[in-house]
Amino acid sequence: IVYECNNYFIVNKPYGMFSQPGDMNMWFKHYPERARPPVVLNTLLEEQGTNDITASEWRTVHRLDACVTGGMLIAKNKNAAIQFNKNLRKGGYKGFKIRRRYVAQVEGKVAERYLHDEGIITSCGMISKYRRFDENCLILELVTGGKHQIRRHLSEALNTPIHNDIRYHGPEIHGAHPKQIALHSASINTAIGFQRREHLIPMIYNNDGKLWNSKYVGESGHFIAPIQDILSQEWKNTLFDNYK
């Protein structure tokens, strides 16, 4: 748990943990020798929910792929879950506002259409905003939410797949854990009425310099100050005006 208030938790998900229960028949078909996979909400309930009378109302608001690390928001009551989901569906200031930003470490020659240092990715029926930190590091914000959205956008649209993301043609990183890719949910901002909060989530999993370059992530797991600045900034630009 990174943060807790009346309406939600922010948790820092490790790689290899599922955001929600998957198809258990398929799981045991492929991994018959393994126990059920760990699931974020189940783990949180086991660790924190035993003596909490509201635990039955806790809900997962959004998802991360099992190979992705970082911040997830878990609603603590039914109304918060409804209001956050309303914002994810309708955007703008509907419901409780939630903004999610990610840091990705990538490889490849960028497609000409996306050579700008900032812009909008519109591909595969999904929309993401991006800002480039350097040629191998991008910060992205979800506008829509689709399956493997950032992974597909970076590989199929920008031609810069994520490090260790073999499924989407990313370079295999020697010594890195095969179940972890260099994509981290690094920032979650919320707005509930006049209460606005920013949560920066450190990359603390296998932070040994093999997968994530130390020029982006410090020893504590926090991204370096210039990346944190981009994560925290309001991205006010004409390129973004139609996608607020």
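The values are calculated or read from the model by the stated rules, or taken from the named source; none is laboratory data. Owing to the predicted nature of the structure, the values given are computational and were not obtained by experimental measurement. Neighbour counts are summed over all protein chains in view; Cβ atoms, including those assigned to glycine, are modelled from backbone coordinates with ideal geometry. We work out accessible area using only protein heavy atoms, side chains counted, and drop any ligands, DNA or RNA first. Shrake-Rupley method; radii C 1.70, N 1.55, O 1.52, S 1.80 Å.
When the residues of the stretch 88-112 are filtered to those that are closer than 28 Å to His222 by Cα and free of Cβ contacts under 8 Å to residues at least 60 places away in the same chain, which remaining residue is surrounded by the fewest Cβ atoms within 10 Å (Cβ to Cβ)?
Step one: of the stretch 88-112, the residues closer than 28 Å to His222 by Cα are 88, 96-110.
From what's left, free of Cβ contacts under 8 Å to residues at least 60 places away in the same chain: 88, 108-110.
On the way: Leu88: 18, Gly108: 17, Lys109: 10, Val110: 17.
In this case the residue turns out to be Lys109.
Let's see how each residue does on (1) without any contact (Cβ under 8 Å) to a residue 24 or more places away in the chain; (2) open to solvent by less than 50 Å² (accessible area, probe 1.4 Å); (3) small (Gly, Ala, Ser):
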{"site": "Ala176", "(1), (2), (3)": "no, yes, yes"}
{"site": "Ala182", "(1), (2), (3)": "no, yes, yes"}
{"site": "Phe194", "(1), (2), (3)": "yes, no, no"}
{"site": "His199", "(1), (2), (3)": "no, yes, no"}
{"site": "Pro202", "(1), (2), (3)": "no, yes, no"}
{"site": "Ser214", "(1), (2), (3)": "yes, no, yes"}
{"site": "Gly218", "(1), (2), (3)": "yes, yes, yes"}
message = So for the stretch 56-78 (the condition being open to solvent by less than 20 Å² (accessible area, probe 1.4 Å), modelled with pLDDT of 95 or more, touching a Pro at 6+ places or on another chain (Cβ under 7 Å) and not acidic (Asp, Glu)), does at least one residue qualify?
response = yes
Taking the stretch 126-184 and keeping only residues that are farther than 16 Å from Glu107 by Cα and among the β-branched types (Val, Ile, Thr), one is left with Ile127, Val143, Thr144
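Where in the stretch 52-154 are there strands (runs of 3 or more DSSP E), lying wholly inside it, with at least 3 residues that are in contact with a helix residue (DSSP H, G or I) (Cβ under 7 Å, 6 or more places away or on another chain) and more than 28 Å from Cys5 (Cα to Cα)? Explain how you work it out, then say what you get.
Working: elements: 69-75, 97-105, 118-123, 126-134, 137-142.
Fully inside the stretch 52-154 and qualifying: 118-123, 126-134.
Does Ile82 satisfy being at pLDDT 95 or above and not acidic (Asp, Glu)?
Numbers: at pLDDT 95 or above: yes; not acidic (Asp, Glu): yes.
Yes, satisfied.
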Over the stretch 113-122, the set of residues over 25 Å from Thr190 (Cα atoms) and open to solvent by less than 30 Å² (accessible area, probe 1.4 Å) is Tyr114
Picked from the stretch 207-232 (must be among the hydroxyl-bearing types (Ser, Thr, Tyr) and part of a loop (DSSP other than H, G, I, E, B)), the residue nearest to the chain's Cα centre (by Cα) is Tyr216
In the stretch 161-174, is there at least one residue being under 25 Å from Ser128 (Cα atoms) and within 14 Å of the chain's Cα centre (by Cα)? yes
